[in-house]
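Trainee: Below is the structure I would like to discuss, written out as structure tokens.
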Amino acid sequence: MQWEIPNPFPKQWDELSGDGRERFHADCGKFVQSRRAVVAGVLLTTIAPLMAQDRLMRVMVKDTTGTPIKDAVVKAAGRELRTDGDGAAVFSGLGVGPHAIEVASTGFMRWRGSYNTGIGPETEVPVTLEVGSLGGAIEIATRSGQVRFAVENPLGGPVADAEVEIAFAREGKFLGRSDSRGGAYFAALPAGQATISITAQGFQVWRGKADVTDHSERKIQARLLMERHDEKVIVKESPSRRFVNWLTSCTRRKG
């Protein structure tokens with residue numbers, strides 16, 4: 001089947017007079033604006049469902065031995081949940097982007113982090129609580145440090161869904177994932193030196209350090225290297241090549 005698109009301006013340019021050309025320009029402008037409105041409508045109807053509030057974030061809370069922690073309080077997206085027997089707290093109806101998470105349980109240090117829900121329907125956030133004072137979770141002072149990452153491949157293109165980890169000596173770890181443009185953003189970080197590691201499938205682990213300060217944003221460009229594959233290549237001679245080598249060896253002079 002062939003589609004024919006009618007020409008909205010059938011007249012030739014040379015056939016138009018001065019006034020006709022002005023009307024032509026006006027009609028052409030209206031035509032372009034109408035087409036732009038149609039394109040904008042199509043984009044809104046196709047992109048809006050992708051950005052709908054239908055993402056699910058599963059926070060998995062364990063101790064340092066890997067044992068799930070039940071009844072831990074998990075705060076995220078303006079809600080407060082408690083973990084079940086598997087150490088899980090599930091937040092539904094989330095949008096794409098970063099979400100601040102806080103986890104507390106009696107006898108453990110408080111855990112705070114920021115995690116990006118990606119374009120997939122579900123995001124799992126692993127949380128490991130360390131043993132703290134017997135009086136309960138350790139309170140952490142208000143923090144205002146910010147770090148923005150640009151995760152790239154060797155050619156400078158974005159790397160999506162890379163796991164970004166920022167670790168501090170006393171305040172613990174903060175986890176996140178890069179979005180489709182390779183960006184990852186962390187807010188409410190403590191001041192001090194942070195150890196950073198970025199992992200993505202098919203790439204080597206990127207490691208670095210950064211000084212985080214209060215009331216300022218640190219930008220970090222992380223260019224990942226392709227994963228190495230150390231394999232030995234064994235080249236076998238063909239039968240014809242072995243025969244030629246045998247013939248030439250008979251005629252070689254022995255020194």
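Trainee: For segment 191-203, give me each residue that is of a type outside the set (Ser, Thr, Tyr) and either in contact with a helix residue (DSSP H, G or I) (Cβ under 7 Å, 6 or more places away or on another chain) or surrounded by fewer than 22 Cβ atoms within 10 Å (Cβ to Cβ) (or both).
Mentor: Answer for segment 191-203, where residues must be of a type outside the set (Ser, Thr, Tyr) and either in contact with a helix residue (DSSP H, G or I) (Cβ under 7 Å, 6 or more places away or on another chain) or surrounded by fewer than 22 Cβ atoms within 10 Å (Cβ to Cβ) (or both): ALA191, GLY192, GLN193, ILE196, GLN201, GLY202, PHE203.
Trainee: Mind listing whichever residues of segment 162-179 are small (Gly, Ala, Ser) and over 9 Å from the mean Cα position of the chain (by Cα)?
Mentor: Once the filter is applied, which keeps residues that are small (Gly, Ala, Ser) and over 9 Å from the mean Cα position of the chain (by Cα), segment 162-179 yields ALA167, ALA169, GLY172.
Trainee: Would a scan of segment 42-54 turn up a residue that is touching a strand residue (DSSP E or B) at 6+ places or on another chain (Cβ under 7 Å), at pLDDT 90 or above, loosely packed, with under 12 Cβ neighbours inside 10 Å and not aromatic (Phe, Trp, Tyr)?
Mentor: No, there is no match, as no residue in segment 42-54 is touching a strand residue (DSSP E or B) at 6+ places or on another chain (Cβ under 7 Å), at pLDDT 90 or above, loosely packed, with under 12 Cβ neighbours inside 10 Å and not aromatic (Phe, Trp, Tyr).
Trainee: Does SER216 count as loosely packed, with under 14 Cβ neighbours inside 10 Å, touching a residue at least 12 places away in the same chain (Cβ under 8 Å) and among the polar types (S, T, N, Q)?
Mentor: yes
Trainee: Identify all residues within segment 77-119 that are touching a Pro at 6+ places or on another chain (Cβ under 6 Å) and over 22 Å from PHE149 (Cβ atoms); write none if there are none.
Mentor: ASP86, GLY87
Trainee: Could we say that GLY182 is under 15 Å from the mean Cα position of the chain (by Cα), on the phi > 0 side of the Ramachandran plot and of a type outside the set (Lys, Arg) here?
Mentor: So GLY182 passes the test.
Trainee: A follow-up question, please. Hey, does segment 201-212 have a residue that's closer than 20 Å to PRO98 by Cα, assigned to a strand (DSSP E or B) and among the acidic types (Asp, Glu)?
Mentor: Looking through segment 201-212, none of the residues is closer than 20 Å to PRO98 by Cα, assigned to a strand (DSSP E or B) and among the acidic types (Asp, Glu).
Trainee: With a cut-off of at least 2 residues that are among the charged types (D, E, K, R) and at pLDDT 80 or above, name the strands (runs of 3 or more DSSP E) lying wholly within segment 105-188.
Mentor: 145-152, 163-168, 172-177
The values are calculated or read from the model by the stated rules, or taken from the named source; none is laboratory data. None of the values given here were measured: they were computed from a predicted structure. Backbone-built Cβ (ideal geometry, glycine too); neighbour counts: all protein chains shown.
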